[in-house]
Amino acid sequence: MLKRFFLVCSGVDLNLVRECSDGEQTKYAGIGATVFFTALMAFIASGYALYTVFDNPYTAIGFGLIWGLLIFNLDRFIVSTLRKKDDKFAEFLQATPRIILAVIIAIVISKPLELKIFEKEINQVLLEQKNELTLSNKTQIAQQFTPEIEQITQDITELKAEVTAKEVAVNDLYETYIAEAEGRKGTELIGKGPVYKEKREKHDTALQELQTLRTENSEKIAAKELAIANLIEKQKEQEANTQPIIDGFDGLMARVNALGELPWLPSFFIFLLFLAIETSPIFAKLFTSKGEYDLKLQDAEDAVKTWVEQKVHQRKTLLETDTSLNNKVYTDIAEEEDAYNYKRKKARELMQLQADAFFNLQKKQF
């Protein structure tokens, strides 16, 4: 049962191969097994690759099964259409397009499995790339908010500086009227005279202005600090909203690019392995001599070809004979006097009808 299944996979004529020896059947069963297991590996590889894209096992298995069947059909077609020839160079030339196709299939099959085999190394590369993307993302977002935050911070500094300058002025006025009362400056008269009162009034007025300025600027500073807090909150919110995109940077293309960052030699050896598996059925047929099955298949094809050529030759001969007979018949008829007179009579009648019709047409125009 298993041998029959592998023979079906090899694409041979079952009725023809049953008439061959066990060794010949075993050879083609081995080729069919290679075709089957190559398709199985294609199914596994494509299933994993599609799982990284859709993140759904059922979808990955469905599309992977379709891809595996496609590879199976292609390999089976390649092997079954490769015919043995007496000239090895002509045989290799015939197999060249199929070998190229096998190389393409090997690349497609091996790449997803490389992603799985080097998954840990790829995850490390992706982690580094995600960290770089996170830093770059934060920098770009900060560039949107930093200028406004800096401007508001500068406004707060200016408001605080304004209060500080007013405090210095009030302190200077306080020192002035105290020095006047002590007789150290101004009139240098000890006591609270008119000059003292005037300077005290200036200080009190400035002190009132300072208190008002403190209240107003405190409110402005609080509002601006709240604006800064809101901007920082928006910045963090935007970072949080964009971070899942970076965290999801784990698709098929990202993994393939990350695989390209790793040393190429291990991936190349895996590709060579699948290339050997994919091309082994083709080279098995190329390097083996004509077997019993090949001879019987060629004999059957030659028999059909000969039969078709005979049918074509018969139809061609029949056509030539029929054409020759028709030419002879019409030649004999052309030489008969009765046929000539009848044809002449009808031609005369036709010319008379044409002349009458032309005359009536000319007559209507006048």
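The values are calculated or read from the model by the stated rules, or taken from the named source; none is laboratory data. Predicted model, so just to flag it, every value in this text is computed and none were measured. Every residue, glycine as well, gets a Cβ built from its backbone with ideal geometry; the counts of neighbours run over all protein chains shown.
Tabulated values for the structure
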quantity	calculated
Residue identified as surrounded by fewer than 14 Cβ atoms within 10 Å (Cβ to Cβ) and more than 30 Å from LEU259 (Cβ to Cβ) among GLU91, GLU19	GLU19
Listing of helices (runs of 4 or more DSSP H) fully contained in region 257-366 that carry 1 or more residues being at pLDDT 75 or above and under 30 Å from ARG18 (Cβ atoms)	264-287, 292-334
Odd one out for LEU210, checked against (1) at pLDDT below 80; (2) under 30 Å from ILE99 (Cα atoms); (3) of a type outside the set (Gly, Ala, Ser)	(2)
In region 312-342, the residues that are among the hydrophobic types (A, V, I, L, M, F, W, C) and more than 60 Å from the chain's Cα centre (by Cα)	LEU325, VAL329, ILE333, ALA334, ALA339
Within region 211-243, considering residues that are over 17 Å from THR157 (Cα atoms) and among the hydrophobic types (A, V, I, L, M, F, W, C), the one nearest to the chain's Cα centre (by Cα)	ALA240
Flag for ALA102 being of a type in the set (Gly, Ala, Ser), within 23 Å of the chain's Cα centre (by Cα) and closer than 20 Å to TYR28 by Cβ	yes
Identity of the residue in region 122-143, over 22 Å from the mean Cα position of the chain (by Cα) and among the hydrophobic types (A, V, I, L, M, F, W, C), that ends up farthest from GLU237 (Cα to Cα)	LEU127
